Amino acid sequence: MNSNRATASLSRRARRISTITCRTRPLPFSAGSLPGIRLTFRKCSPMVGNPDPAACAIGLDVGGTKIAAGLVGYASGTVLARRTVPTLPQRGGEAVLSDTLALAEWLMEEADRRDLELQGIGVGVPELVDPEGNITSSHSLAWQDISVQPAFASLAPTVVESDVRAGALAEAMYGAGRAYQLFFYVTVGTGISSTLVQDGRPFAGARGNALIMASSPFSVECSICGEALNPVLEEFASGPALVARYNRHGSRVAERGEDVTTAAEEGEDAAVKVVQSAGEALGNSVAFLVNVMDPEAVVVGGGLGSSGGLYWDSFVSSTRAHIWAENSRKLPILPAAMGADSGLIGAAATVFRNLPATTGAIQATDTLN
């Protein structure tokens, strides 16, 4: 983005400083700067009240396969502009970061061209993220040892968050979770992730590692042969797991989870067994967490999780069957409303929920004049 345009745009916004209420809870963003302007970020209350119809944020959903980038309006959660590029993570973390920064700069230009009030940048990643916004794993992206947040904060106030908590926040603000103060969110696709949302905020835990439902092995010894079994939900019920399990017994070669669910809908026996058992396993795990946390509702996202059909029916039946408390068994189990845009909208939503409005957050001194 042209530095003069960026500086002028921020200068215009900075002149509309408003009174804000500060708080002591640390917020997950870093201070950055642009040429010719000095920025000071304060820990302040999130955006509240009637949203400015021009307020927007950049959402960057950085996955292992693609990077979905968009400009999202605060008032409605509508995607106003978008662009998607392949991630190609095999190139290394720096190359992926460079592509993602370029997308952010393009969206900043779009916001300026449309005369929108850009509040900041939200970055969602399929990794563990601590409460300070540091990426603490590298399962899909080699960003653990890269200063990701400061790189984006050089453009605008930035929040980095795990993709599951970002998606849950999108549902809390705009989607299926709006009616609930306490709901459990699970997303099922390439992987399986989950979180608990209370009073509109996804629960991260002390280190950002809370509610890792699908990656922990359940160690048990087979009662028949004595062999140690270490089943992992993600290796049994995710999209790639369906493909791997089906291809050992199916009549055709599946490449995607959707291929297996389609074969199941067509009545192929091997596919039916794989899909049904996967949905049941997911329901068993979700029911365990319902028993532990007693949420008002369960919201399920992800391409596979909200796909309907046998997988969904088996999941819902299994969940209800494994909930212990009778008066909890009829809790709402809902497909996510944001669909394929949940990660993108959720990334932007982290800005709206965690950062103050730009007019209050940026104390700017125009040093060009």
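The values are calculated or read from the model by the stated rules, or taken from the named source; none is laboratory data. Everything numeric here is computed off the predicted structure, so don't read it as measured data. Here the Cβ positions follow ideal geometry from the backbone for every residue, glycine too, while neighbour counts run over all protein chains shown.
Does any residue of the range 336-354 turn out to be closer than 19 Å to Gln181 by Cβ, assigned to a helix (DSSP H, G or I) and more than 21 Å from the chain's Cα centre (by Cα)? No, every residue in the range 336-354 fails to be closer than 19 Å to Gln181 by Cβ, assigned to a helix (DSSP H, G or I) and more than 21 Å from the chain's Cα centre (by Cα). Here the range 224-269 is the region considered, the condition is being in contact (Cβ under 8 Å) with a residue 60 or more places away in the chain and in contact with an Asp or Glu (Cβ under 9 Å, 6 or more places away or on another chain), and the residue that is surrounded by the fewest Cβ atoms within 10 Å (Cβ to Cβ) is Gly239. The set of residues in the range 86-145 that are over 22 Å from Leu169 (Cα atoms), polar (S, T, N, Q) and touching a strand residue (DSSP E or B) at 6+ places or on another chain (Cβ under 6 Å) comprises Thr87, Gln144.
Of note, Val272 does not satisfy the criterion of being over 24 Å from the mean Cα position of the chain (by Cα), under 16 Å from Gly303 (Cα atoms) and modelled with pLDDT of 95 or more.
Of all residues in the range 297-320, those being more than 19 Å from Met338 (Cβ to Cβ), surrounded by fewer than 16 Cβ atoms within 10 Å (Cβ to Cβ) and without any contact (Cβ under 8 Å) to a residue 40 or more places away in the chain number 2. For the range 120-166, residues that are over 16 Å from the mean Cα position of the chain (by Cα), of a type in the set (A, V, I, L, M) and assigned to a loop (DSSP other than H, G, I, E, B) total 4. Is the range 321-339 home to any residue that is modelled with pLDDT under 95 and either crowded, with 19+ Cβ neighbours inside 10 Å or under 30 Å from Leu116 (Cβ atoms) (or both)? Yes.
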